[in-house]
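The values are calculated or read from the model by the stated rules, or taken from the named source; none is laboratory data. Keep in mind it's a predicted model, so treat the numbers as computed, not measured. Ideal geometry is used to build each Cβ from the backbone, glycine not excepted, and the neighbour counts take in all protein chains shown. Each accessible area value is taken on the protein alone, full model and side chains, heavy atoms only, with ligands, DNA and RNA left out. Shrake-Rupley method; radii C 1.70, N 1.55, O 1.52, S 1.80 Å.
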Amino acid sequence: MARGEHTETMGIAAFLRARRAALEPGEAGLPRMPNRRRVPGLRREEVAQLAGISVDYYIRIEQGRAHGISDSVLEALARALRMTEDERSHLRNLAAPRHRHGGADNLVVRPQIQRLLDSMETVPAFVVGPGLDYLAWNRLGARIAYDMETLPPEERNSPLLVFLHPESRALHPDWDSVAAETVAALRAETGRHPGHPRVEGVLARLLEESPEFRVLWEEQEVREKLSGTKRIHHPGAGELTVTYEAFRLTLDPDQTLCTYTVDPGSPSETVLRRLAREPVGAGAGRAGAGTGTAG
């Protein structure tokens, strides 16, 4: 078995084990049997029964020994384990990755996209790429976020900033939820970009340097946060609540355009206007926020 194939099948194995452990029999429509289970979650034979496959075949899948798993079996497993749409997509990506990336780990944002960013004068906006790197931004995007111009290029990455930047917890009043969302989004990235050197590099560094990240990574959560709200405590302008939206670029599917907006007439709008009035270069080096996709 090639090294890449081993990684992919073992990724499926760990993911299925985690989803099985997280699902109680009652949630799956099975009768409850109190005091007869030594470990939480469903048994392997129960998953096989719910999916309509043999116990032996399911065991081989979960042990990473099955190859060429059909779409119908993947869908049956997703239904049996009550997977969300993001989890279903991740399972499909693990089973049949688009390609194993072997090229450069940097992406160039087209000039047309940069002009679009710059035209959004009252909306913080940026583009993220594989591994949740920040690839481009507009003036407000750099100011509500980490000071992109002063950060080394290799540090312009949402998961690295959330877990390793010394001011991250002060920036995110709801740091625990932001951290969990970031880990879930990065796991989705590993399925969308198998073998990508930047994705693997970010993951390896976080596993080595962040105990909090290691704990969350073991939970096998996967979720692409393409919209939602979050609170940001900007040290110079104040606290604001933003709504984020993320849009995959049709011509550049590995890039995502992310925007922040605030409710008209809200205190957050006042804070955003205050931030927009600050002179360029003010507050260099202070922390900022990731995106929904980027965490």
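Couple of notes before you dig in:
- Residue count for the stretch 141-176 under the criterion of being under 24 Å from Gln112 (Cα atoms) and in contact with a Ser or Thr (Cβ under 7 Å, 6 or more places away or on another chain): the result is 1.
- Considering residues of the stretch 209-230 that are farther than 22 Å from Leu16 by Cα and touching a helix residue (DSSP H, G or I) at 6+ places or on another chain (Cβ under 9 Å) only, the residue most open to solvent (accessible area, probe 1.4 Å): Glu209
- Tally, over the stretch 60-92, of residues that are open to solvent by 40 Å² or more (accessible area, probe 1.4 Å) and outside any loop (DSSP other than H, G, I, E, B): 9
- Answer from Gly195, Gly236, Gly191 - the residue that is at pLDDT below 95 and in a helix (DSSP H, G or I): Gly191
- The criterion of being crowded, with 20+ Cβ neighbours inside 10 Å, in contact with a strand residue (DSSP E or B) (Cβ under 8 Å, 6 or more places away or on another chain) and either under 20 Å from Arg92 (Cα atoms) or not charged (D, E, K, R) (or both) does not hold for His193.
- If you go through the stretch 239-252 and pick out every residue that is under 20 Å from Ser177 (Cα atoms), open to solvent by 20 Å² or more (accessible area, probe 1.4 Å) and touching a residue at least 24 places away in the same chain (Cβ under 8 Å), you end up with 3.
- Glu181 being crowded, with 23+ Cβ neighbours inside 10 Å, within 25 Å of Glu269 (Cβ to Cβ) and under 12 Å from the mean Cα position of the chain (by Cα): yes
A quick yes/no check of all residues on (1) assigned to a helix (DSSP H, G or I); (2) without any contact (Cβ under 8 Å) to a residue 60 or more places away in the chain; (3) under 18 Å from Thr256 (Cα atoms):
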| position | (1), (2), (3) |
| --- | --- |
| Val127 | no, no, yes |
| Gly131 | yes, no, yes |
| Arg143 | yes, no, no |
| Met148 | no, yes, yes |
| Val162 | yes, no, no |
| Arg169 | yes, yes, no |
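- Count of the stretch 93-112 residues which are surrounded by 14 or more Cβ atoms within 10 Å (Cβ to Cβ), modelled with pLDDT under 60 and touching a strand residue (DSSP E or B) at 6+ places or on another chain (Cβ under 9 Å): 1
- Hey, Thr150 under 18 Å from Leu135 (Cα atoms) and modelled with pLDDT of 95 or more or not: no
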